[in-house]
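Asks: Questions regarding the structure given below will be posed in turn.
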């Protein structure tokens, strides 16, 4: 069995159709993208005992909110710690581990819900689910980059688009299953967790079974790889164990951290913001959130594809410059009551939030070479973990402080949005400071081969 899982067993024949690989990646990312829809469980989980309404022994929304935060935090930590193992193990073994862990997260959470143990629920979805998230997120990245050396942005955009769109499947699936399983004595959360865990495991295993890596020396028809490095696209490789010692790694880390911090705060409060700032109804706000999911998903594909033509540095500069302008304008169009512009500006901001995730693997490939990009990407995702805490804290706590000081809810986001614009200024400066990695960090092909076998 182990031989089937080894990297050598996944090597494709030279005439293999590389367009069969993106669906394998989508099987993983559409499955784990459910994490963005976890909030649909929060309210029912406050009624596990009371069923029709919360009982004194039921969990609070505040304690349940940590499940999502813990899962995202563990995602980043797992990617950083196990990224090197993923490189050596290959995509199939990593995808199997991801699928098992992600499914276990649901099953253990179902047990936690059944016995009303918050610790077990944290352990399930937060820890095991978070490990599955981290492994599944990084496992297809290097494989796609190897198959699409001519269009790395397009390749990673196709896969990471699935993570942004996973909530569009996960949310109605969870709601439908809870309605099906619910009754006078149950809100249906536990059996929904079991069912979803099994469904996602099957789809992730489909990706693991059919994933392939290209044979040594393979290249797309008509593609001639560059023989010399350009200004920001190297033909060399940097070991993932020394990449974090370069200034480029930390500059890209802050580029991702600041872009995500600014976007994730709005992503988490979009419905409330729209209702408070421009006065739309709760029903309209729900439709607005649906549009946000579409732009989060579409932005990952569109912006990453654009980066293949204008370059990763110019793409991120666009994110920051355009983002600064839009964050500064949003409070003004809201106070003027121009709902259409408010919606448009927020949707563009969210598209760039998603685009940042999809573009960064290709950015790392340009700077550090393709050989260790999966492990380097894994370490970089700790920026996401940090931003997942910083963004919501900024927008939630600053809003609360403003309201407590007497500011009207419609105006309570103004200072926060200006601060977000300031963060993007810092991100722009970090991006502009990125230069090619110094040659002293490069490794020879012989060293690379030896270290890959470690």
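The values are calculated or read from the model by the stated rules, or taken from the named source; none is laboratory data. The model shown is predicted, which means the values in this text are computed figures rather than measured ones. Glycine also receives a Cβ, built like all others from the backbone with ideal geometry; neighbour counts cover every protein chain displayed.
Asks: In the range 201-212, is there at least one residue being outside any helix (DSSP H, G or I) and touching a residue at least 60 places away in the same chain (Cβ under 8 Å)?
Replies: Yes: the range 201-212 contains one or more residues that are outside any helix (DSSP H, G or I) and touching a residue at least 60 places away in the same chain (Cβ under 8 Å).
Asks: I've got another one for you. Out of all the residues in the range 303-321, which are out of contact with any helix residue (DSSP H, G or I) (no Cβ under 7 Å at 6 or more places or on another chain) and either at pLDDT 95 or above or not in a helix (DSSP H, G or I) (or both)?
Replies: If the condition is that a residue be out of contact with any helix residue (DSSP H, G or I) (no Cβ under 7 Å at 6 or more places or on another chain) and either at pLDDT 95 or above or not in a helix (DSSP H, G or I) (or both), then 311, 314, 318 are the ones that fit.
Asks: Could you identify the single residue in 337, 388 that is touching a helix residue (DSSP H, G or I) at 6+ places or on another chain (Cβ under 8 Å) and surrounded by fewer than 17 Cβ atoms within 10 Å (Cβ to Cβ)?
Replies: 337
Asks: Select, from 394, 329, the only residue that is surrounded by fewer than 23 Cβ atoms within 10 Å (Cβ to Cβ), in a helix (DSSP H, G or I), more than 21 Å from the chain's Cα centre (by Cα) and assigned by TED's automatic domain parsing to the domain that holds residue 415.
Replies: Matching residue, one of 394, 329: 329.
Asks: Moving on to the next point. Take the range 174-185 and flag every residue that is assigned to a helix (DSSP H, G or I) and in contact (Cβ under 8 Å) with a residue 40 or more places away in the chain.
Replies: If the condition is that a residue be assigned to a helix (DSSP H, G or I) and in contact (Cβ under 8 Å) with a residue 40 or more places away in the chain, then 174, 175, 178 are the ones that fit.
Asks: With 188, 170 as the choices, which residue is closer than 30 Å to residue 51 by Cα, in contact (Cβ under 8 Å) with a residue 60 or more places away in the chain and under 21 Å from the mean Cα position of the chain (by Cα)?
Replies: The conditions single out 170.
Asks: Here's a follow-up. For the range 274-287, enumerate the residues that are touching a helix residue (DSSP H, G or I) at 6+ places or on another chain (Cβ under 8 Å) and modelled with pLDDT under 80.
Replies: 282, 285, 286
Asks: Please tell me if residue 20 is out of contact with any strand residue (DSSP E or B) (no Cβ under 8 Å at 6 or more places or on another chain), surrounded by fewer than 19 Cβ atoms within 10 Å (Cβ to Cβ) and part of a helix (DSSP H, G or I).
Replies: yes
Asks: What is the one condition in (1) surrounded by 23 or more Cβ atoms within 10 Å (Cβ to Cβ); (2) over 21 Å from residue 156 (Cβ atoms) that residue 345 does not satisfy?
Replies: Of the numbered conditions (1) surrounded by 23 or more Cβ atoms within 10 Å (Cβ to Cβ); (2) over 21 Å from residue 156 (Cβ atoms), the odd one out for residue 345 is (1).
Asks: Could you please find all residues in the range 120-167 being out of contact with any helix residue (DSSP H, G or I) (no Cβ under 6 Å at 6 or more places or on another chain) and over 19 Å from residue 72 (Cβ atoms)?
Replies: Once the filter is applied, which keeps residues that are out of contact with any helix residue (DSSP H, G or I) (no Cβ under 6 Å at 6 or more places or on another chain) and over 19 Å from residue 72 (Cβ atoms), the range 120-167 yields 146, 149, 150.
Asks: Take the conditions surrounded by fewer than 22 Cβ atoms within 10 Å (Cβ to Cβ) and over 18 Å from residue 163 (Cβ atoms) and apply them to residue 376. Does it pass?
Replies: Taking the combined requirement at face value, the residue does not satisfy it.
Asks: Same structure again: Would you check if residue 65 is farther than 26 Å from residue 202 by Cα and either surrounded by 21 or more Cβ atoms within 10 Å (Cβ to Cβ) or modelled with pLDDT under 90 (or both)?
Replies: For residue 65, the condition - farther than 26 Å from residue 202 by Cα and either surrounded by 21 or more Cβ atoms within 10 Å (Cβ to Cβ) or modelled with pLDDT under 90 (or both) - is met.
Asks: Among all residue pairs at least 6 apart or on different chains, which show Cβ distances below 9 Å where the first residue, located in the range 408-426, is assigned by TED's automatic domain parsing to the domain that holds residue 397 and touching a residue at least 40 places away in the same chain (Cβ under 8 Å) and the second is surrounded by fewer than 18 Cβ atoms within 10 Å (Cβ to Cβ) and not in a helix (DSSP H, G or I)?
Replies: Correct list of pairs: 410/279; 414/407.
Asks: Taking the condition of being surrounded by fewer than 22 Cβ atoms within 10 Å (Cβ to Cβ) and assigned to a helix (DSSP H, G or I), how many residues in the range 275-287 meet it?
Replies: Result for the range 275-287: 8.
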